[in-house]
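The values are calculated or read from the model by the stated rules, or taken from the named source; none is laboratory data. As the structure is a computational prediction, the values presented were derived from the model and not from experiment. Neighbour counts run over all protein chains shown; Cβ positions are idealised from the backbone, glycine included.
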Amino acid sequence: MRTRPLAELPARDLRPLLAEESAHWGGELLWDYADVSAAVASGLERGALSGLVLQDGPRCVAYCYYMLDGGRAIVGSVFACDDFRGKRFEEALLREVLAEAQGHEGHERVECQTLFSTAAAADELFARAGFQSRSRHYLVRSLAERIETTPHAWRLRPVRREDLATAAHIIHRSHQGSLDAALNLTYATPAFCRGFVETLVLRAGCGRFDQEASFMAEGPDGPVGVLLASHLSRTNGHVCQVSVSPAGQGRGVGAALMTAALTAFRRQGLETASLSVTLDNHRAYRLYQRLGFRLRKRFAAHAWVRPPARIDLPA
């Protein structure tokens, strides 16, 4: 058994482990991970990823990587193959990767969402490394179940390419002062939000963008909410982002958008719908439960900034 930097490894040597990882997340999260695995292999070939891999002889059995984005290091997968899982190998790799990412003077911020992690004790490691963290849930509902609809006064229309700036503005406004914005730099500025929206819509950053299930909600004074959807697999539709501007919150906009997306997913013949939510976002969580979503996986969002800077989480 030996641990090696990912940079020393030809991408072809990692492909069998990536294939096993793709099958694992397909079963656990209903997520066709093949495109992500291909992007990891491509990033490895281009030298765009840092991290570690554990080998048993020539076989790659576990790995953990991080990449740089907008001045931050983002930790990606923490994965071990089935016969090496649960033996603390993932935790050992994660501990070293976090130390490397935090120790690099050019990294002022490190983030991770552990949805794609098989490390059972990951939260403990992040806490020891000084990260701020909050629990998140990955939720799924069957589209065979009835979709409750309620009357509303909002006009819903499909999201168009010319709506991307408006969508980014709504997402940024809705996250100002929120836990999600404190832990995820994606929501911190209008520019970051615009990049996030373009990644979802134009570059399939979270599955294939589904225009039929993506909606803009409009009121008398213009757009007040947006929902961006994708297909994570041939049978699972995903709500990538649903945001309502402060002026529209508490007025049924989110419920209207969600119901429209679920109806569109069903109309396309999909079997399930999924989304992720921060546990402390009580109003959103209650809505999703009312709409029939149930817990599929617990994970967490983690963030660290280099002292003397600090992350202040809202109460």
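When the stretch 301-310 is filtered for residues that are more than 11 Å from Ser276 (Cβ to Cβ) and either of a type outside the set (Gly, Ala, Ser) or buried (at least 17 other Cβ atoms within 10 Å of the Cβ) (or both), the ones remaining, listed by number, are His302, Ala303, Trp304, Val305, Arg306, Pro307, Pro308, Arg310. Filtered by the rule that a residue be without any contact (Cβ under 8 Å) to a residue 60 or more places away in the chain and more than 18 Å from Glu90 (Cβ to Cβ), the stretch 28-48 gives Ala34, Ala38, Ala39, Ala41, Ser42, Gly43, Leu44, Glu45, Arg46, Gly47, Ala48. Here is the figure for the stretch 89-137: residues that are in contact with a helix residue (DSSP H, G or I) (Cβ under 6 Å, 6 or more places away or on another chain) and touching a residue at least 60 places away in the same chain (Cβ under 8 Å) total 8.
Does at least one position in the stretch 270-280 carry a residue that is over 29 Å from Gly76 (Cβ atoms) and touching a strand residue (DSSP E or B) at 6+ places or on another chain (Cβ under 6 Å)? Talk me through it step by step, then tell me what you get.
Kept after step one, since they are over 29 Å from Gly76 (Cβ atoms), are these residues of the stretch 270-280: none.
Taking every residue of the stretch 270-280 in turn, none turns out to be over 29 Å from Gly76 (Cβ atoms) and touching a strand residue (DSSP E or B) at 6+ places or on another chain (Cβ under 6 Å).
Within the stretch 270-288, the residues that satisfy the criterion of being in contact (Cβ under 8 Å) with a residue 12 or more places away in the chain and assigned to a helix (DSSP H, G or I) are Arg283, Ala284, Tyr285, Leu287, Tyr288.
Let's see how each residue does on (1) in a loop (DSSP other than H, G, I, E, B); (2) crowded, with 21+ Cβ neighbours inside 10 Å:
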| residue | (1), (2) |
| --- | --- |
| Ala48 | yes, no |
| Gln55 | no, no |
| Met67 | no, no |
| Phe79 | no, yes |
| Glu96 | no, no |
| His107 | yes, no |
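Is there a residue in the stretch 242-263 that is in contact with a strand residue (DSSP E or B) (Cβ under 8 Å, 6 or more places away or on another chain), at pLDDT 95 or above and either exposed (fewer than 14 other Cβ atoms within 10 Å of the Cβ) or among the aromatic types (Phe, Trp, Tyr) (or both)? Within the stretch 242-263 (the criterion being in contact with a strand residue (DSSP E or B) (Cβ under 8 Å, 6 or more places away or on another chain), at pLDDT 95 or above and either exposed (fewer than 14 other Cβ atoms within 10 Å of the Cβ) or among the aromatic types (Phe, Trp, Tyr) (or both)), the answer is no, since none of the residues qualifies.
Only a single item in (1) assigned to a loop (DSSP other than H, G, I, E, B); (2) out of contact with any Leu (no Cβ under 7 Å at 6 or more places or on another chain); (3) outside the structural domain of Gly177 (by TED's automatic domain parsing) is not met by Leu313, and it is number (2).
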